[in-house]
Amino acid sequence: MYTKFCAGLSRLSLMLAVVGLIAVVLCVQYQVIGRYIFNDTPTWAEALSMLLVLFVTAFGLAVGVRDAGHIGLESMVALLPEVWQRRIELLIHALVGLFGVLMVQGGWRWALAKWTEKKPMLPVPDGIDYVPVIIAGVLIVLFSIEHIVANLRGEEVVPSWN
């Protein structure tokens, strides 16, 4: 049940990343059309596209962690006995989960520190830049737990796009 929940979260994250990427393309197109065709540059378009890039990156990062797409030295681990391979994989997922916890903690602190300031070109708090870090951190922790549980059961986590 937890795996289905994580797979659903991963698919949702992937869909939100795609929608965000489409929105970035539309914002940039609108800005270019406004600047070169109408000679009236919309100032909010660049700021919004930069904010959307943060969210797209956060969702994509989390999906990459669940689908085990992060950087690894699998050739080194493959040389070890099977018992040690599982232990190293557990350690790797625990460290990735710890990194997710640190992302949540640091993102939360920065978001709170900057929340009272306003973005110059958008009517949103400046602390919103750190919300994607928090979201990605939470998802990374959830997906790392899924990998640890699957590893202990001797199972593999099936990528969400399969």
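Numbers for the structure displayed
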item: Residue satisfying condition, being of a type in the set (A, V, I, L, M, F, W, C), surrounded by 15 or more Cβ atoms within 10 Å (Cβ to Cβ) and in a loop (DSSP other than H, G, I, E, B), within set Ala68, Ala17; result: Ala68
item: Matching entry among Gly127, Gly137 (being crowded, with 18+ Cβ neighbours inside 10 Å and either aromatic (Phe, Trp, Tyr) or touching a Phe, Trp or Tyr at 6+ places or on another chain (Cβ under 6 Å) (or both)); result: Gly127
item: Members of segment 40-65 found to be modelled with pLDDT under 90 and assigned to a helix (DSSP H, G or I), listed by number; result: Thr43, Gly64, Val65
item: Conditions (1) touching a His at 6+ places or on another chain (Cβ under 6 Å); (2) in a loop (DSSP other than H, G, I, E, B); (3) not aromatic (Phe, Trp, Tyr): number failed by His93; result: (2)
item: Residue that is without any contact (Cβ under 8 Å) to a residue 60 or more places away in the chain and outside any loop (DSSP other than H, G, I, E, B), where the choices are Val149, Val141; result: Val141
item: Condition check for Val83: surrounded by fewer than 12 Cβ atoms within 10 Å (Cβ to Cβ) and either modelled with pLDDT of 90 or more or part of a helix (DSSP H, G or I) (or both); result: yes
item: Residues located in segment 24-47, provided they are of a type in the set (Asp, Glu) and touching a residue at least 24 places away in the same chain (Cβ under 8 Å); result: Glu46
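The values are calculated or read from the model by the stated rules, or taken from the named source; none is laboratory data. Note that the coordinates shown come from a computational prediction; the quantities given were computed from them, not determined experimentally. Methodologically, a virtual Cβ is constructed for each residue, glycine included, from the backbone with ideal geometry; neighbour enumeration extends over all protein chains shown.
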